[in-house]
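Notes to accompany the following structure.
What follows draws every value from the coordinates through simple rules; no lab data is involved. This structure is a prediction, so every number in the text was calculated from the model and none was measured. Methodologically, a virtual Cβ is constructed for each residue, glycine included, from the backbone with ideal geometry; neighbour enumeration extends over all protein chains shown.
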Amino acid sequence: MSAKPLFKRVLLKASGEALMGSQGFGIDVAVADRIASDIAEARHMGVEVGVVVGGGNIFRGVAVASKGGDRVTGDHMGMLATVINALALATSLRKLDIDTVVLSAIAMPEICESFSQRAAVHHLSQGRVVIFAGGTGNPFFTTDSAAALRAAEMGAEAIFKGTQVDGIYSADPKKDPTATRFDRLTHDEVLQKGLAVMDISAVALARENRIPIIVFSIHEKGGFGEILSGAGLMTIVTDN
């Protein structure tokens, strides 16, 4: 593995579903520990890492709206799910002696620190892993959008989107065996082709801020560090 990583500061977006492992719900601590070990490896390489984690393993706000409930309340419940996941991942990182801080977009002073751009950049510059919880703090926005927003705010050089597969495909490769894999795309191509890697607003925000999106499998142990070194399977979304 190359000693010199491709990026100095990155944002890792992990879905809540990734934390479930093979369970149908909740958090598989062994999976959280493995993801934490990958983040720890990146830190040991000298990479500054921010993390946005979803909440779909616990609750999805759209589930409330789809059954006639209030979307805003549902989204607030989803934000709380991301806080639970952030605390779990922080616990796994601290077990590895990785200095970690959770910053929530919703004030919860008894549980974690509140987000501010200044605090995030300060903690990153001190070598801490920063986990961003609570999404954007606003309803109607996904944690993908939160990832793009936090990446822009922290001056990240890339967004690493950890998914169930090793890149972006023309269709879901688990459902369509003829799906083709892309090695490289532009932000506009992702939007024009309707490729469901991140939602439209997240891709557009990354494009506007000239932040590449790197899509890889979060299930491959050591995969994060491998790709940071320029190896491994991935799809890179960039306009450069």
Would you confirm, using the coordinates I've provided, whether Thr238 is β-branched (Val, Ile, Thr) and either in contact with a helix residue (DSSP H, G or I) (Cβ under 6 Å, 6 or more places away or on another chain) or surrounded by 14 or more Cβ atoms within 10 Å (Cβ to Cβ) (or both)? yes
Can you tell me which residue is farthest from Gly222 (Cα to Cα) among those in segment 16-53 that are outside any helix (DSSP H, G or I), out of contact with any strand residue (DSSP E or B) (no Cβ under 7 Å at 6 or more places or on another chain) and in contact (Cβ under 8 Å) with a residue 60 or more places away in the chain? Ile27
The correct count of residues that are farther than 22 Å from Val31 by Cβ, among the aliphatic types (A, V, I, L, M) and either over 16 Å from the mean Cα position of the chain (by Cα) or not in a helix (DSSP H, G or I) (or both) in segment 181-227 is 8
Which condition from (1) among the charged types (D, E, K, R); (2) closer than 15 Å to Val215 by Cβ; (3) assigned to a helix (DSSP H, G or I) is the one that Arg150 breaks? (2)
Kindly provide the set of residues from segment 88-113 that are within 11 Å of Ala133 (Cβ to Cβ) and not in a loop (DSSP other than H, G, I, E, B), ordered by number. Ala88, Leu89, Ala90, Val101, Val102, Leu103, Ser104, Glu113
With the condition kept exactly as written, say whether any residue in segment 146-157 is crowded, with 21+ Cβ neighbours inside 10 Å, over 15 Å from Arg9 (Cα atoms) and touching a residue at least 40 places away in the same chain (Cβ under 8 Å). yes
Report yes if some residue within segment 98-111 is in contact (Cβ under 8 Å) with a residue 60 or more places away in the chain, in contact with a Gly (Cβ under 9 Å, 6 or more places away or on another chain) and more than 26 Å from His44 (Cβ to Cβ); otherwise report no. no
How many residues does segment 1-19 contain that are surrounded by fewer than 18 Cβ atoms within 10 Å (Cβ to Cβ) and more than 19 Å from Ala158 (Cβ to Cβ)? 1
Of the numbered conditions (1) in contact with a strand residue (DSSP E or B) (Cβ under 9 Å, 6 or more places away or on another chain); (2) in a helix (DSSP H, G or I), Leu12 satisfies every one except a single condition; which is it? (2)
Looking at segment 182-199, can you tell me whether even one residue there is in contact with a Leu (Cβ under 8 Å, 6 or more places away or on another chain) and closer than 25 Å to Gly61 by Cα? yes
Condition first: assigned to a loop (DSSP other than H, G, I, E, B) and surrounded by 18 or more Cβ atoms within 10 Å (Cβ to Cβ). Now tell me which residues in segment 114-129 satisfy that. Phe115, Arg128
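Residues are listed down the side, and each one gets a yes or a no for (1) buried (at least 21 other Cβ atoms within 10 Å of the Cβ); (2) hydrophobic (A, V, I, L, M, F, W, C):
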position: Gly46; (1), (2): no, no
position: Gly54; (1), (2): yes, no
position: Leu93; (1), (2): yes, yes
position: Asp99; (1), (2): no, no
position: Ala107; (1), (2): no, yes
position: Cys112; (1), (2): no, yes
position: Ile131; (1), (2): yes, yes
Being over 16 Å from the mean Cα position of the chain (by Cα), in a helix (DSSP H, G or I) and farther than 21 Å from Gly167 by Cα: is that true of Thr82 here? no
Do we have any residue at all in segment 72-80 that's under 30 Å from Gly230 (Cα atoms), of a type outside the set (Gly, Ala, Ser), touching a helix residue (DSSP H, G or I) at 6+ places or on another chain (Cβ under 6 Å) and crowded, with 20+ Cβ neighbours inside 10 Å? no
Here are Gly61, Gly69, Gly50: which of them is over 15 Å from the mean Cα position of the chain (by Cα) and buried (at least 17 other Cβ atoms within 10 Å of the Cβ)? Gly61
